[in-house]
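The block underneath contains the structure these notes are about, expressed in structure tokens.
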Amino acid sequence: MSRNKHLVLASILVVIVSAILVVIFLNTNFIPTEAATQAKPIDHLLRLLLGIGGVVFALCMVFLIYSIFAFRHRQWDSAEGPPLEHYSPLEVAWTLIPLAIVLFLAIQGARVLGDISRAMPAELEVKVVAFQWDWRFEYPQYGLESEELRLPVNRPVLLRLSSLDVIHSFWVPAFRTKEDAVPGMVTTLHLTPSRLGSYKVWCAELCGTGHAQMQAPVIVVEPADFETWVKELQK
Amino acid sequence: MPEPGLRGKLRLGYIVLGALIAIKIAEYLVGTTIPNGVWPFLTILALVGAWPILYYFMHINQLWHPKSRHDE
Amino acid sequence: MTFWRLGIIRGIVVGLAGSGLGMGVTMLLRIALGLTAWKAGPVTAVGTVVGILFYLAGLGAFKYWLGWVRRRAAEEPQATEPTQPHWARYLSFDINHKTIGIQYLVTSLLVIIVAGIYQLIARLETSQPGLQFLSPNTYNSLVSLHGIMMLSGVLLGIAGMMNYLVPLMIGARDMAFPRLNAISYWLTPPAVLLFLFSLPAGGFDTGWTAYPPLSLRAPLGMQLMLIAFYLVGWSSILGSINFLTTIFKMRAPGMSLFRMPIFIWATIATALLQLVFTQFVGIAFLMLLLERLTGLGFFDPDKGGNVILFQHLFWFYSHPAVYIFVLPGLGVISEVVPVFSRKPLFGYKAVAISSLGIAFGGMIVWGHHMFAAGMEEWLRVPFMFTTLLVAVPTGIKIFSWLATMWLGKIHLETPMLFVISAIVVFLIGGIPVDLYIHDTYWVVAHFHSTLFGGFVFPMMAAIHFWFPKVTGRLLDERLGKRYWTVMTVGFLVTYLPMFWLGLNGMRRRIADYDPALGLGTMNTVATIGGYLTGLAMLLFFINLVVSARRGAPAPANPWHSQTLEWQVSSPPPEENFVTIPQIVGSPYGYGIPGSRHALIPMSSQPPEEVS
Amino acid sequence: MSRATTLVINRLTIKRLGLWLFILSESFLFLALLVVRFYLQGVQRPTELNQPLGFVISGILLLSSLTAYRGESAIAYGDEKLFRRNILFTLGLGILFLVGVGIEWAEGFRFFPPASGFGTVFFTLTGFHAFHVLTGLLALLTLVLPGQKGRFTPENYWAVEGIVKYWHFVDVAWVFIFPTLYLVS
């Protein structure tokens, strides 16, 4: 086979394989169902990364595996390949195209970061206090304290995280976002729960012996139910 | 160097030290008299003060003139 | 007493005595100050430090300098006498770079085995939800030790490869500072011992990252680990000074920068990173130690400290550390691919410079580990960009390898097979990370892929590639291929499930997880994969030992490579080159008629007259 | 130039590069410490800090750099007497510097103990620096031990050059530490 035929064949294979990979990546549900508006841009970014990653992976894999099969040489004789030392247009291309992709991804990422850390009007404020090895939630607007995090659906929430001892991290997989609770400072997290149901908040930063079990219930309810819960606790 | 040999070198040492002490005094005056916002000046003065030591005492230029023997 | 003549025996005995002395003096001092004599922290800390100094002295590390001060250094002191057996030099303060390289590599493999066994135990615990047989504290200690010991093992491994290869590849007779080189190595055995003692001393349940305030409360094992890694850190700083000086000043005549093998470029980039950044993790660990021992308030908010400070200092080293680990591996791949494709390395200059690109890119990415850590908001975006930016020089390397293989005459011997695994796995590891994934098993799978692709597989390729050179014997090719198969399959079975686990909410560093999440099956699969890699390693060691003793004798240049180290006998002579070679061309001139990398004048015959 | 001389010079440039790389690495240690100072304490400084004393010991250290330089220059021209005298001066000035730091520490323990915000920073920075001074002093001492008489010649005095370079580096570090601790506000 001539050199060009190899190239054409491999390119066709690249297109096929990357199409398959992209279709798989974009249509499989890898992750738990999203339950907060902040989850949308994060999931979008993840799929974008997987899509681009799939194409790059297919490109490299096809050329690698194709070379192994097409150019395998079994004897240790004096046969040597053509002395291609460099080809500048190709090298420039594989420097500039990844650079462009990286720039594009960085802009996308910056936008997502902006989206998820934006403050919303009329936020429900909750103080999240982490300690070894449990969580406590305070609602200063209502003068409440609770063992569970109960949130009304579709209302923006501002979490103020603090820690009494070591570093912990607030993570509800279905909300996607994550923020550390650091002793000596207050960190914030914005989220808007968008789906009813009960979830769990896990500690995502190793915090000692009880780290694996450090969790608390998170319950997203209708606003009316939230009001009743508040009234009941206030009594 | 205007004066070659050991005497010239020793004299150069005095000049460098004089400059260093002058910078120190300037630093000290800046630091003690101006109440705040002095760190940019101090940084510049520290850099200016470090250079003579690096250049005249530590002979940093030997690095890019590798053929020189000791400090001749 | 021949036994006493072994450096290591003297080192251990004198070191133990010194350690006892240090502890005794500290206790006396404490009594004098009116404190209780025994307090584990300070007493053992002083004991360890004094012990290490005594151990180095006992070993003979300071013999030359003390002799210099007393004007008794007429000639180079010999570590071993001719009457001692050959292996004795590996247990003594020997200053030949090849001996030191082998010492490093053997230590590295031992550390990696122990760290691997720790993780296999911990992995068994995690294969099903619920607590099986380990307490959470033991589990965390095992996982943490696995992390820090693997990192140390990797640092030792790259130091070993670079020590053995750099002087040979650039045509030098030894490193620039042979004694310093030996000290760099001998700092690490006490570190390994301290790591081993850490578990009986209570372990530490902080992860290898040792974030305060948790690490301030951890048991005594923490302190041993901090000192141990500090030693490893200094070992790599001193090593990097040696490598840089050697490469910049001791290349054979004719070897311009762009005639150096890529591995040398990788060494420069690695050593630059080590030289500068190891100081940061060193100071961070030292500050932790000081805060634990003396109550200085670096990280305690009540004393005006700041918890995040540690993370900045720590990641300032530990992210570039990833590039420290993978750069030599990428260098090895660049060496192996042209030899087994019988083609020149495609885009040599770009590949060479991309090593430096990765190094400089790696200097400015530390913050991406702290996205969720309460870092200043405005810092996030630049960090994200710089992190992604490192992908560009990495991509240049990968594309160049593929272009080198294209249209080549590819020989699928074991080193090449490992290189192929490395490229595949490295690509898998390259899939980027974002906020959701932070601190989950995705991260675990991601960095293990990067390290397997960037270090483990290339190091295995390197061992299979250079084994004939080092030992003068060939490795068993069939066993090598079997090992490769089991290792690659084991890797995929272990880590592909982990990507899935991470996406489904499996957090890192947990001994137990909620059965309701339905993660049990995949965890079991990952455990099976883990034991497969363990089995593979067993095959590897059998092959190493058997081939080193009974393998077929190796010719000087079994792979028909053009680089310098293959132009001398296997194993190389004591001083590498009887006559210093003259470098005349590219190291990868395969397929170019008449191309040569070096001319080595034979000492036995007079140099040829050029007419 | 004869081959032997070339070899000696090559060896010298190798040693120099090694030492400079070591100094580069060490300067990142001090850089990290300076960063710690600003990160933890910003530009705060307690009023009890003895600025005049700090100024005096800075002067002492600068002066010791001059004597070290004079010592090195002297041996480069073969003047052994001047060399020994200046290295001994340097040793004395170094010890004087450490005494000054000791006085500062004694005051520090009263006003800003090590386990408090500024104290932590102050004791760490001065402590690390003092440790470097101490190692420098030990190294300088090996140059003027009685047994070393007549050892260094204008052709071969690398030990002097290297140790004096290290001593200057300790001085440079202090040039940055002094204003950061004593003068910023």
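The values are calculated or read from the model by the stated rules, or taken from the named source; none is laboratory data. Owing to the predicted nature of the structure, the values given are computational and were not obtained by experimental measurement. Virtual Cβ from ideal backbone geometry, glycine too; neighbours counted across all protein chains shown.
Anything in segment C:453-483 that is in a loop (DSSP other than H, G, I, E, B) and either surrounded by fewer than 24 Cβ atoms within 10 Å (Cβ to Cβ) or among the acidic types (Asp, Glu) (or both)? List them, or say none. The answer is C:Gly472, C:Leu474, C:Asp476.
Set side by side, the residues D:Val99, D:Val133, D:Val164 differ, and just one is in a helix (DSSP H, G or I), among the aliphatic types (A, V, I, L, M) and free of Cβ contacts under 8 Å to residues at least 24 places away in the same chain, which is D:Val99.
Going by the structure shown, is C:Arg173 assigned to a loop (DSSP other than H, G, I, E, B) and among the basic types (Lys, Arg)?
yes
The single condition among (1) within 26 Å of C:Leu389 (Cα to Cα); (2) modelled with pLDDT under 90 that A:Ser78 does not satisfy is (1).
The set of residues in segment C:136-151 that are more than 8 Å from chain A (Cβ to nearest Cβ) and over 11 Å from C:Tyr118 (Cα atoms) comprises C:Ile148, C:Leu151.
Being buried (at least 20 other Cβ atoms within 10 Å of the Cβ) and in a loop (DSSP other than H, G, I, E, B) is a description that does not apply to C:Pro555.
Yes/no per residue for (1) over 31 Å from the mean Cα position of the chain (by Cα); (2) aromatic (Phe, Trp, Tyr); (3) within 26 Å of C:His86 (Cα to Cα):
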position	(1), (2), (3)
C:Gly7	no, no, yes
C:Gly24	yes, no, no
C:Leu33	yes, no, no
C:Pro42	no, no, no
C:Thr48	no, no, no
C:Ile52	no, no, no
C:Gly58	no, no, yes
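With the requirement that a residue be touching a Phe, Trp or Tyr at 6+ places or on another chain (Cβ under 6 Å) and buried (at least 23 other Cβ atoms within 10 Å of the Cβ), what does segment A:151-166 give you? Across segment A:151-166, the qualifying residue is only A:Leu161. Among the criteria (1) surrounded by fewer than 23 Cβ atoms within 10 Å (Cβ to Cβ); (2) part of a helix (DSSP H, G or I); (3) modelled with pLDDT of 90 or more, the one C:Leu412 does not fulfil is (2). Does at least one position in segment C:530-543 carry a residue that is at pLDDT 90 or above, surrounded by 19 or more Cβ atoms within 10 Å (Cβ to Cβ) and over 30 Å from C:Tyr441 (Cβ atoms)? For segment C:530-543, residues at pLDDT 90 or above, surrounded by 19 or more Cβ atoms within 10 Å (Cβ to Cβ) and over 30 Å from C:Tyr441 (Cβ atoms): present. Only one entry of C:Leu226, C:Leu238, C:Leu275, C:Leu231 meets the criterion of being assigned to a helix (DSSP H, G or I), more than 17 Å from the chain's Cα centre (by Cα) and of a type outside the set (Ser, Thr, Tyr), and that entry is C:Leu226.
Looking only at segment A:25-43, which residues are more than 7 Å from every other protein chain (Cβ to nearest Cβ), free of Cβ contacts under 8 Å to residues at least 60 places away in the same chain and surrounded by 15 or more Cβ atoms within 10 Å (Cβ to Cβ)? Scanning segment A:25-43 gives A:Phe25, A:Lys40. Residues in segment D:145-161 that are in contact (Cβ under 8 Å) with a residue 40 or more places away in the chain and either surrounded by 16 or more Cβ atoms within 10 Å (Cβ to Cβ) or among the aromatic types (Phe, Trp, Tyr) (or both): D:Phe152, D:Tyr157, D:Trp158, D:Val160, D:Glu161.
Among the residues of this structure, A:Val92 does not count as one that is closer than 17 Å to C:Val424 by Cβ, more than 9 Å from chain C (Cβ to nearest Cβ) and at pLDDT 85 or above.
Against the criterion of being modelled with pLDDT of 95 or more and more than 11 Å from every other protein chain (Cβ to nearest Cβ), C:Ser240 does not qualify. Before we move on, is C:Phe277 more than 14 Å from chain A (Cβ to nearest Cβ), surrounded by 24 or more Cβ atoms within 10 Å (Cβ to Cβ), within 27 Å of C:Thr48 (Cβ to Cβ) and in contact with a Phe, Trp or Tyr (Cβ under 7 Å, 6 or more places away or on another chain)? Yes.
Determine whether C:Ile95 is in contact (Cβ under 8 Å) with a residue 60 or more places away in the chain and outside any loop (DSSP other than H, G, I, E, B). No; evaluated as a whole, the condition is false for this residue. Being modelled with pLDDT under 90 and within 14 Å of chain A (Cβ to nearest Cβ) is not true of C:Pro497.
Farther than 24 Å from C:Thr206 by Cβ and more than 9 Å from chain C (Cβ to nearest Cβ): does that describe A:Arg176? Spelling it out, it is not the case that A:Arg176 is farther than 24 Å from C:Thr206 by Cβ and more than 9 Å from chain C (Cβ to nearest Cβ).
Quick one: is A:Phe104 among the aromatic types (Phe, Trp, Tyr), part of a strand (DSSP E or B) and at pLDDT 85 or above?
Values: among the aromatic types (Phe, Trp, Tyr): yes; part of a strand (DSSP E or B): no; at pLDDT 85 or above: yes.
Here the answer is no, as A:Phe104 does not meet what is asked.
Quickly run through segment C:525-561 and pick out the residues that are within 14 Å of chain A (Cβ to nearest Cβ) and touching a strand residue (DSSP E or B) at 6+ places or on another chain (Cβ under 8 Å). Selection gives C:Ala554 alone.
Cβ-Cβ distances below 7 Å connect the following pairs, each with a first residue in segment A:219-235 that is at pLDDT 90 or above, a second residue that is charged (D, E, K, R), and a separation of six or more residues or different chains: A:Ile219/A:Glu148; A:Ile219/A:Arg150; A:Val220/A:Arg195; A:Val221/A:Arg150; A:Pro223/A:Arg155; A:Phe226/A:Arg150; A:Trp229/A:Arg150.
Out of the residues in segment D:45-55 that are exposed (fewer than 14 other Cβ atoms within 10 Å of the Cβ) and either within 12 Å of chain B (Cβ to nearest Cβ) or among the basic types (Lys, Arg) (or both), which is nearest to B:Ile25 (Cα to Cα)?
D:Pro52
Per the conditions (1) assigned to a helix (DSSP H, G or I); (2) closer than 18 Å to D:Leu33 by Cα; (3) not hydroxyl-bearing (Ser, Thr, Tyr), the sole criterion not satisfied by D:Pro114 is (1). In the set (1) under 23 Å from A:Phe226 (Cα atoms); (2) at the interface with another protein chain (Cβ under 7 Å from one of its Cβ atoms), the condition left unmet by A:Gly197 is number (2). Do we have A:Thr177 as β-branched (Val, Ile, Thr), modelled with pLDDT under 90 and crowded, with 19+ Cβ neighbours inside 10 Å here? For A:Thr177, the condition - β-branched (Val, Ile, Thr), modelled with pLDDT under 90 and crowded, with 19+ Cβ neighbours inside 10 Å - is met. Out of (1) more than 7 Å from chain C (Cβ to nearest Cβ); (2) closer than 17 Å to C:Leu214 by Cβ; (3) surrounded by 22 or more Cβ atoms within 10 Å (Cβ to Cβ), the odd one out for A:Ser169 is which? Of the numbered conditions (1) more than 7 Å from chain C (Cβ to nearest Cβ); (2) closer than 17 Å to C:Leu214 by Cβ; (3) surrounded by 22 or more Cβ atoms within 10 Å (Cβ to Cβ), the odd one out for A:Ser169 is (1). Out of A:Leu105, A:Leu46, A:Leu64, A:Leu50, one residue alone is facing another protein chain (nearest Cβ under 9 Å), under 19 Å from the mean Cα position of the chain (by Cα) and free of Cβ contacts under 8 Å to residues at least 24 places away in the same chain. It is A:Leu46.
Taking every residue in segment C:192-215 that is at pLDDT below 90 and part of a loop (DSSP other than H, G, I, E, B) and pairing it with any residue that is surrounded by fewer than 21 Cβ atoms within 10 Å (Cβ to Cβ) and among the hydroxyl-bearing types (Ser, Thr, Tyr), at least 6 positions away or on another chain, the pairs with Cβ-Cβ distances below 8 Å are C:Gly203/C:Thr138; C:Asp205/A:Thr209; C:Thr209/C:Ser318.
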